[in-house]
Amino acid sequence: FKFGCAMLGSLVTTIFVGPLSDAGHFHVLFWITLVLSLMPLYPTLAGWIPERLRTFQEPGMVKLCKGCLYDQGSFQEKKMPFIVITLCGLSAPMLAAVTTYADLAIGLVSAAVLLITFLVSTYYIFPRTFFRVFLSIVILYMASVSIGSALGYYYTASEECVPNGPNFSYTYYVTVTGIVGSVVNFSAVILYEKFLSTGDSD
């Protein structure tokens with residue numbers, strides 16, 4: 001069910017992204033993306049997630065404003081992991097800004113420094129199992145050279161930009177290929193469940 005919903009959402013998205021991009025309606029795509037990004041807030045605000053509600057009378061809880069509490073006790077107890085996780089999340093936009101507005105070499109040096117810093121911090125702060133998982137993910141991504149973004153520009157560039165190139169429209173590159181990919185993925189899941197899956201949940 002989860003995979004089916006994800007595939008359906010991907011299919012619906014690819015149907016309109018390509019034509020809207022070819023028509024130059026990028027502002028429409030922006031507003032659609034903004035609405036879709038804000039949608040996960042509703043289940044949280046509506047209380048659909050089965051979590052215990054906290055009150056400001058509890059020890060360590062600080063009331064910031066109406067409906068907003070700050071668990072100062074948990075933060076003080078797990079301050080360093082929280083800081084490392086927060087900085088790790090902020091590193092992506094920070095590096096994007098550095099590589100965009102500064103020299104590429106500075107961006108590479110900054111990325112290397114941040115990566116080493118996070119690895120060392122993870123080694124000393126988190127359990128060893130977590131560190132090994134983090135290290136394996138880092139090695140996996142460093143060993144997987146990806147030029148997908150550059151190829152996207154190459155495939156969709158105009159004839160003036162790339163003579164005798166593919167010159168794909170966004171409708172073909174995003175919508176048609178996306179629909180074909182979704183159909184193939186869905187067919188692969190059906191074939192797997194039919195012929196390869198044992199059905200044993202253990």
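At 4 °C and 1.567 mPa s, grab the translational diffusion coefficient of the chain from Stokes-Einstein with a Kirkwood Rh over Cα pairs, rounded to a whole number in µm² per second. Intermediate results must be reported in sequence, preceding the final value.
Values: Rh = 22.3 Å.
Rounded, D is 58 µm²/s.
Counting only C-alpha contacts under 8 Å and six or more residues apart, can you give the relative contact order of the chain as a whole percent?
Relative contact order here is 30 percent.
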Filtering the chain for DSSP H helices with an axial alpha carbon extent of at least 24 Å and a Kyte-Doolittle mean of at least 1.0 returns 2-22, 79-101, 104-125
Reachable lysines, given that their alpha-carbon falls under 30 Å from the alpha-carbon of LYS63 and they are not under 8 places away in the same chain = LYS78, LYS79
Report the extension gain between CYS161 and THR129 in nm, rounded to one decimal, defined as 0.36 nm multiplied by the number of residues separating them, less their alpha carbon distance.
-> 6.6 nm
Can you work out ³J(HN,Hα) from phi for every residue in segment 39-52, in order, using Karplus 6.51 cos²θ - 1.76 cosθ + 1.60 and θ = phi - 60°, giving whole Hz and x for Gly and Pro?
-> 4, x, 5, 4, x, 5, 5, 7, x, 6, 7, x, 10, 6
How large, in percent, is the carbon and sulfur part of the accessible surface of the chain at a probe radius of 1.4 Å?
-> 70 percent
Peptides 82-94, 37-49: what's the order by average Cβ count within 10 Å, highest mean first?
-> 82-94, 37-49
How much area per residue is accessible in the chain when the probe is 1.4 Å and only protein heavy atoms are counted (Å²)?
-> 78 Å²
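Do you know the relative contact order of segment 126-185, to the nearest whole percent, from alpha carbon pairs under 8 angstrom that are 6+ apart? Let's see the in-between values first.
Details: 22 pairs, mean separation 11.2, N = 60.
About 19 percent, as a whole number.
Over segment 1-111, what is the mean sequence separation of C-alpha contacts under 8 Å (at least six apart), divided by residue count, expressed as relative contact order in percent?
Details: 36 pairs, mean separation 9.8, N = 111.
Value for segment 1-111: 9 percent.
The values are calculated or read from the model by the stated rules, or taken from the named source; none is laboratory data. The structure presented is a predicted model; accordingly, all values stated were derived computationally and were not measured. Cβ atoms come from the backbone with ideal geometry, glycine included; neighbour counts cover every protein chain shown. For accessibility, only protein heavy atoms count, side chains too; no ligands or nucleic acids. Shrake-Rupley method; radii C 1.70, N 1.55, O 1.52, S 1.80 Å.
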